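The numbers here are math on the coordinates, done by the rules we state, and not lab data. Remember, it's a predicted structure, so these values are computed and weren't measured experimentally. Every residue, glycine among them, receives a Cβ derived from its backbone with ideal geometry; neighbour counts consider all protein chains shown.
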Amino acid sequence: MNRRNFLKCAGASATALSIVPSHVMGGPGKIAPSEKLTVALIGCGTQGLREMVNMLPMPDVQVVAVCDPNKDSDDYVDWSKNGLRKSIAAAIGKPEWRADTQGIPGGRDVGGEMVDLYYANKAGSDKYKGCTRYADFRELLEKEKSLDAVKIMTPDHLHATIAIAAMKAGKHVLMHKPLANRVKEARLVIETARKTRVATHFIPAASGEQVSIAAQLIREGAIGNLTEIHNWSNRPVWPQYATLPTDTPPITKGFDWDLWLGPSLDRPYHPNYTHAVFRGWYEFGGGAIADMGHYSLWRVFSEFDLDAPVLVESTPSHVCTLKDKVSTKIKNDYSFPMACTIRLKFAAKGNRPAINLFWYDGGIRPPTPEELEKENAELPIEGMMFVGDKGKILAGFLCQNPRVLSSQKKDVLPEAKQKNVDWVKAFKGGEPTSGNFLLAGPISEAFNLGAVSLRMGGKRLLWDSSNMKITNNSDAEKYLTREYRKGWELTSV
């Protein structure tokens, strides 16, 4: 009996529940199988597996399937050589798991093995084989009829395609950033969530809770009227390729390149496109701002009630090469720059004046404020700063430990506001989380428009959100969507 059918029956025969044997209900202190959310992980790369380490112990969740175009390989890209392998080994209770692996593991067989070994270890048995493995998410959605939800951890270009298909199939969706790496795709994801009414949750919404502290200080007049917000990151921390690959290495054994491309047009396989380095390509990723800005700025958008920006402009770095001994700037509309700044202007609203939000990456930081110069201090490598007409607040990248610069008094800071990020309860019929997809429109448009401006060489774009139109540059509008492979076009319900 699956959870959905169980809940349907419960209302009609509540008294019958008292005579169900305890072993059917899960036993004393345990969650009944019929009450667990059945979840499929789609995307078994390093981040997907890393987050599954924390999802498997959740008492209300049962992972029943995994999906990835790659079967099993050790050619993944990560931030340490053995960190992921060791964390998986510890989670499944087998310290020597894949200890002889030469590289970094990933793929659907790795994810499936991880799930089976975890549940077997938990049950004190080596015979658990309950996790089905799929290469194609469409097959998963077709065959896993009793599935409650999917967690999407794929490269960015597949997010909208998979999320829309899952919601149309009636599945709840838990997804990593970004919602999509195109403006129109993100709008379609939100529209589909609204029409299907499934529960959704955007994972980065759980971060940056101390933004609420800074917001409260600002509301109390600590820095006067807020006019600017600055946020800077040390990303990218992956290879950022300035040119398209020209060699054609063989496709890794067990890797379905066609499925990995999904909606994107055909191109020769190359490892420079896949795994963690996908983030640097306009076609497949969202750049540093999509990678990290959702964590730091999701709460900023909600606390300061920011709609979609009315203006976006950027300053991308550039790369030069030598052609016949002549230095030439590489014309690039296919990969994100090594470093950039992005300015997002938001219209005045209510009692709040217009706000300019500045994003910096690649080692760029805003100018050091005079208040820090007087302290003989410098801005941190990553951080956030709120600028008002009467002062400034400086904090960490996620707004950790905000403080009013040069404040003459040591105020007791308010506590951070707790947000509802319990996606399990939401997926079981509870209140929507503060990260539900219906709230993701403004930040998705802002970041994707930033990418369009970068792709246009830093052009200033004027945005009409209600009509989804760039009003001052018709050449930029083609980047609001993508050219789809036949059969992969997106439509709402």
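With contributions of -39500 (n - 2.57) from each DSSP H run of at least four residues, the per-residue ellipticity at 222 nm computed over the chain stands at -8000 deg cm²/dmol. Axis angle, to the nearest 10 degrees, between helix 3-12 and the longest C-alpha principal axis of the chain: 70 degrees.
Between helix 83-92 and the chain, what is the angle of the helix's C-alpha long axis to the longest principal axis, kept within 0 to 90° and rounded to the nearest 10? Approximately 30 degrees, to the nearest ten. Averaging the sequence gap over all C-alpha pairs within less than 8 Å and six or more residues apart, then dividing by the number of residues, gives the range 233-368 a relative contact order of 28 percent.
Measuring between their Cα centroids, the range 313-374 and the range 175-214 lie 25 Å from each other.
Relative to the dominant Cα principal axis of the chain, helix 183-196 is inclined by about 40°.
Distance between the pseudo-spin-label points of ASN54 and THR321 (7 Å out from Cα toward the beta carbon): 4.0 nm. Residues LEU158, LEU454, ranked from the fewest to the most other C-beta atoms within 10 Å, line up as LEU158, LEU454.
Of the labelled figures (i) 55, 29, 20; (ii) 38, 29, 23; (iii) 37, 29, 20, only one reflects semi-axes √(5λ) of the Cα gyration tensor in Å as derived from the coordinates, namely (ii).
Tell me, what is the percent relative contact order of the range 149-233, built from C-alpha pairs under 8 Å that lie six or more residues apart? Please list the in-between numbers first.
Details: 89 pairs, mean separation 21.2, N = 85.
Relative contact order here is 25 percent.
Relative contact order of the chain, taken over Cα pairs closer than 8 Å and 6 or more residues apart, is 18 percent.
Taking the Cβ-Cβ separation of ALA354 and ARG197 as r and a Förster radius of 56 Å, what is the calculated FRET efficiency to the nearest 0.05? Kindly include the intermediate steps, with their values, before the conclusion.
Numbers: r = 35 Å, r/R0 = 0.62.
E(calc), rounded to 0.05, equals 0.95.
Structure shown: which of LYS151/LYS469; LYS81/LYS177; LYS122/LYS151 lie over 26 Å apart, alpha-carbon to alpha-carbon? Kindly include the intermediate steps, with their values, before the conclusion.
On the way: LYS151/LYS469 31 Å; LYS81/LYS177 24 Å; LYS122/LYS151 22 Å.
Cα-Cα > 26 Å for LYS151/LYS469; rest within.
As a calculated quantity, the FRET efficiency between ILE330 and TRP488 at R0 = 25 Å, using C-beta atoms, amounts to about 0.25. Using a Förster radius of 30 Å, what is the FRET efficiency between ASP126 and LYS81 based on their Cβ-Cβ separation? Nearest 0.05, please. Once rounded, the FRET efficiency stands at 0.55.
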